[in-house]
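Accompanying notes for the structure given below.
The values are calculated or read from the model by the stated rules, or taken from the named source; none is laboratory data. Since we're looking at a predicted model, the values are computed, not measured. No Cβ is skipped: glycine too gets one built from the backbone with ideal geometry, and neighbour counts run over all protein chains shown. Calculation scope for accessible area: heavy atoms of the full protein, side chains included, ligands and nucleic acids excluded. Shrake-Rupley method; radii C 1.70, N 1.55, O 1.52, S 1.80 Å.
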Amino acid sequence: MILDCAVIGGGPAGLNAALVLGRSRRKTVLFDDNKPRNLVTSESHGFITRDGIHPQELKRIAHEELYRYPDVRIEKQRVHRINKENSLFKVETENGEVYSAKKIILATGFKEVLPDIPRVKEFYGKSLFNCPFCDGWELRDRPLAVITDDQKAFHMAKLVSNWTNDLIVFTNGKEVLSLEEQELLKSNGIRINEKKIAAFIGEEGMLEKIQFEDETSVLREGGFIATKWIQADSFKSSLEYTLNEQGGIETDSMKRTKTEGVFACGDTRIAGPSQLIVAAGEGSMAAISVIAALTEEKFSQDK
């Protein structure tokens, strides 16, 4: 059987793409190895009707909904290779199965690279987060930290100040803020600490203080930390697509990449973490684009 579409990645973008494809009676396989970026997250926020839901519970509900549509199948395995042969794509899984598909939707997302600070992994996803829109409410009115050693510092500090009046920017030994930026932050009650961080201190993932190499420390109860992002796909491929300046797959407004028949959506296109509802909307748009392309091909064929 030739699939109408293979969706690579089972996060909100891929799940919503599969839903729209299934409701349009398109033969679809969703490939998901169940190794999501938000594995450390216990609650997901900002998705209306699902605010505060555990990510795995969201996925369970999504799978339950997808099973209603006979044209959608979920394969819980990793894609090993994707190649284009003539007008079809050959999708090979890690166990050697090969599927043929007319279209591909890439929704593999991004991987986070945390800064090299001792014990950071213990606190990330529990009291240190990346997205204030996702987790700022839960940390509201606490003594918070913004931790970044690059040019994101100024923007992140301004943003996080929406949730607390007790905020310190930690640049981990780097001088990344201009004098003008420093003055503006200080005039709004935001302090700046440029000392090199030695470790995060706390129990069971709950931050208590930040310790520095000079053996001083500052009390903090949580905060937001800048991470680097890399494409999460691990498959080999002859597909051609361009990455934008942020490292995301470049597409047009219809989520089409430079390779005809290949679409990209969600974090893998946005080049960073998006809220679940944004990623889901991206998946919907990619699926609609796939359906539009298949429909046009059907009616342009010589009779």
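Things worth noting here:
- Which numbered condition Glu43 misses (of (1) open to solvent by less than 70 Å² (accessible area, probe 1.4 Å); (2) in contact with a Gly (Cβ under 6 Å, 6 or more places away or on another chain)): (1)
- Checking each residue of segment 273-288 against the condition of being surrounded by 17 or more Cβ atoms within 10 Å (Cβ to Cβ), in contact with a His (Cβ under 9 Å, 6 or more places away or on another chain) and in contact (Cβ under 8 Å) with a residue 12 or more places away in the chain gives at least one match.
- Evaluation of Val72 against the conditions (1) over 20 Å from Leu19 (Cα atoms); (2) touching a helix residue (DSSP H, G or I) at 6+ places or on another chain (Cβ under 7 Å) shows that the sole unmet condition is (1).
- Scanning segment 83-97 for residues that are more than 27 Å from the chain's Cα centre (by Cα) and either assigned to a loop (DSSP other than H, G, I, E, B) or over 25 Å from Ser289 (Cβ atoms) (or both) turns up Asn86, Ser87, Gly96, Glu97.
- Only one of the listed residues (Asp116, Asp150, Asp141) is modelled with pLDDT of 95 or more and either in a loop (DSSP other than H, G, I, E, B) or of a type in the set (Asp, Glu) (or both). That residue is Asp141.
- Restricted to segment 200-240, and to residues there that are in contact (Cβ under 8 Å) with a residue 60 or more places away in the chain and of a type in the set (Phe, Trp, Tyr), the residue that is nearest to Thr148 (Cα to Cα) is Phe224.
- Complete set of residues in segment 266-278 that are under 19 Å from Pro55 (Cα atoms) and either assigned to a loop (DSSP other than H, G, I, E, B) or of a type outside the set (D, E, K, R) (or both): Gly266, Thr268, Gly272, Pro273, Ser274, Gln275, Leu276, Ile277, Val278
- Hits in segment 153-173 (condition: part of a helix (DSSP H, G or I) and touching a residue at least 24 places away in the same chain (Cβ under 8 Å)): Ala153, Phe154, Met156, Ala157, Lys158, Leu159, Val160
- Residues in segment 87-145 that are within 20 Å of Lys35 (Cα to Cα) and among the polar types (S, T, N, Q) were compared, and the one that is most open to solvent (accessible area, probe 1.4 Å) is Asn95.
- Cβ-Cβ under 6 Å pairs, at least 6 apart or on other chains, segment 174-185 side under 17 Å from Thr148 (Cβ atoms), far side open to solvent by 50 Å² or more (accessible area, probe 1.4 Å) and of a type outside the set (S, T, N, Q): Lys174/Asp149
- Some residue of segment 279-296 being part of a loop (DSSP other than H, G, I, E, B), farther than 30 Å from Arg142 by Cβ and not aromatic (Phe, Trp, Tyr): no
- Looking only at segment 214-258, and only at residues there that are basic (Lys, Arg) and assigned to a strand (DSSP E or B), the one that is nearest to Lys103 (Cα to Cα): Arg256
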